[in-house]
Amino acid sequence: MSASFPIPQAPTSTQTELELDVGTPEPARRRGPGAEELLEGLNEPQRAAVVHAGAPLLVVAGAGSGKTRVLTRRIAWLISERKAHPGSILAITFTNKAAAEMRERVEDLVGRRARIMWVSTFHSACVRILRKEIERFGYKSSFSIYDAADSKRLMTIVCKELDLDPKRYPPRAVLNWISNQKNELVDHEDAARGAQNNLEETYASAYSLYQQRLRAANALDFDDLIMTTVHLFQAFPEVREVYRRRFRHVLVDEYQDTNHAQYSLVRELCAHEGVLRVVGVLVLVDEHRP
């Protein structure tokens, strides 16, 4: 069920201390579960994934085989047995419902201190980061987030301003092209430079004006959230380093479903010179899916 791949040794205790938010005291601790309780009901491969230490771990398992259980027990093990600070744990899932369920399960095991850890979707994690850091890009921290309806409404306006025939250039089709660019971390300037034909040049023009209108409204669309966070980390290495030092344990569920932008975000958080290097990386994939 599990296999590991090597990375350089994790930072020692003499290296930079983990940076955590200060000012809010950690919730009162309760006596945590014992090791046997955390491993109860798990088979041998599942136990191995829960207690694994050292190199990043890739867990491949079929649907219904207990991936979520492994993930929640792993988090509880880190807190109870490895004495990891809950604030040093980042767990990524693909839906808000799954994130809420995972947070509740861990809290049932280790108590209210689990509330300090970050359990969220990729987009929710990026919103938290951007609310604190986006002013470096000239946005206000109170930026709005456009949903699909908002984005379509704005693109309809953009297409009218560019005098584009809505039958030839449906706003939804233009938005889909822009979304694909953002998921590949291609901003509007690079999209314009990389346009290969008249259609792509037109799409790139719409992309540029669309981003101008978003910025004027102090807004991001859904796809901007991850792309902007990755670009923030790349533009400001000192900001990236703060989050690298904070999140010493990164867990990603359904890893096979990540696109390029999502993969790049994990890499920015976990990599040093292109090599995964945090103390604990656990990624889970479904063996029956590409």
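The values are calculated or read from the model by the stated rules, or taken from the named source; none is laboratory data. Small disclaimer: the values here were computed from a predicted structure and weren't measured. Glycine also receives a Cβ, built like all others from the backbone with ideal geometry; neighbour counts cover every protein chain displayed. To get the accessible areas, we keep the full protein, side chains included, count just its heavy atoms, and leave off ligands, DNA and RNA. Shrake-Rupley method; radii C 1.70, N 1.55, O 1.52, S 1.80 Å.
None of GLN234, GLN262 is of a type outside the set (Phe, Trp, Tyr), surrounded by 15 or more Cβ atoms within 10 Å (Cβ to Cβ) and under 25 Å from THR121 (Cβ atoms) except GLN262.
Pairs are defined by a Cβ separation below 8 Å, a sequence spacing of at least 6 or placement on different chains, a first member in the stretch 241-262 that is without any contact (Cβ under 8 Å) to a residue 12 or more places away in the chain, and a second member that is of a type outside the set (S, T, N, Q) and open to solvent by 20 Å² or more (accessible area, probe 1.4 Å); no pair meets this definition. For SER80, state whether it is within 23 Å of ARG47 (Cβ to Cβ) and modelled with pLDDT under 90. No. Among the residues making up the stretch 125-154, those that are open to solvent by 70 Å² or more (accessible area, probe 1.4 Å) and either polar (S, T, N, Q) or not in a helix (DSSP H, G or I) (or both) are LYS140, SER142, ASP147.
Note on the stretch 220-254: residues that are more than 19 Å from LYS132 (Cα to Cα) and either under 11 Å from the mean Cα position of the chain (by Cα) or charged (D, E, K, R) (or both) amount to 6. A single member of VAL250, VAL242 is farther than 27 Å from SER151 by Cβ and not in a helix (DSSP H, G or I), and it is VAL250.
The residues listed here are ILE178, ILE157; of these, the one that is farther than 30 Å from PHE247 by Cα, open to solvent by less than 30 Å² (accessible area, probe 1.4 Å), assigned to a helix (DSSP H, G or I) and out of contact with any Cys (no Cβ under 9 Å at 6 or more places or on another chain) is ILE178. When the stretch 199-231 is filtered for residues that are more than 18 Å from ALA261 (Cα to Cα), open to solvent by 40 Å² or more (accessible area, probe 1.4 Å) and either at pLDDT below 95 or of a type in the set (A, V, I, L, M, F, W, C) (or both), the ones remaining, listed by number, are LEU199, ALA216, ALA217. Does the stretch 188-198 contain any residue that is closer than 22 Å to GLU133 by Cα and either free of Cβ contacts under 8 Å to residues at least 60 places away in the same chain or open to solvent by 80 Å² or more (accessible area, probe 1.4 Å) (or both)? Yes, some residue in the stretch 188-198 is closer than 22 Å to GLU133 by Cα and either free of Cβ contacts under 8 Å to residues at least 60 places away in the same chain or open to solvent by 80 Å² or more (accessible area, probe 1.4 Å) (or both).
Okay, residues lined up against (1) surrounded by 11 or more Cβ atoms within 10 Å (Cβ to Cβ); (2) in contact with a Gly (Cβ under 6 Å, 6 or more places away or on another chain); (3) within 18 Å of GLU254 (Cβ to Cβ); (4) at pLDDT 75 or above:
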site: MET1; (1), (2), (3), (4): yes, no, yes, no
site: ILE7; (1), (2), (3), (4): yes, no, no, no
site: GLU17; (1), (2), (3), (4): no, no, no, no
site: ARG31; (1), (2), (3), (4): no, no, no, no
site: PRO45; (1), (2), (3), (4): yes, no, no, yes
site: ALA49; (1), (2), (3), (4): yes, no, yes, yes
site: PRO56; (1), (2), (3), (4): yes, no, yes, yes
site: LYS67; (1), (2), (3), (4): yes, no, yes, yes
site: LEU71; (1), (2), (3), (4): yes, no, yes, yes
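Among the residues of the stretch 101-113, is any surrounded by fewer than 17 Cβ atoms within 10 Å (Cβ to Cβ) and at positive phi?
The answer is no; no qualifying residue exists.
The single residue among ALA76, ALA98, ALA84 that is touching a residue at least 24 places away in the same chain (Cβ under 8 Å), surrounded by 17 or more Cβ atoms within 10 Å (Cβ to Cβ) and under 30 Å from ILE145 (Cα atoms) turns out to be ALA98. With respect to (1) part of a helix (DSSP H, G or I); (2) hydrophobic (A, V, I, L, M, F, W, C); (3) open to solvent by 20 Å² or more (accessible area, probe 1.4 Å), the lone exception for LEU185 is condition (1).
Suppose we keep only residues that are among the polar types (S, T, N, Q) and not in a helix (DSSP H, G or I) within the stretch 114-124. Which one would you say is surrounded by the most Cβ atoms within 10 Å (Cβ to Cβ)? Step through it out loud before you land on a result.
Pass one, the stretch 114-124, residues among the polar types (S, T, N, Q): 120-121, 124.
Okay, now just the ones that are also not in a helix (DSSP H, G or I), so 120-121.
Numbers: SER120: 21, THR121: 18.
Out of the qualifying residues, it is SER120.
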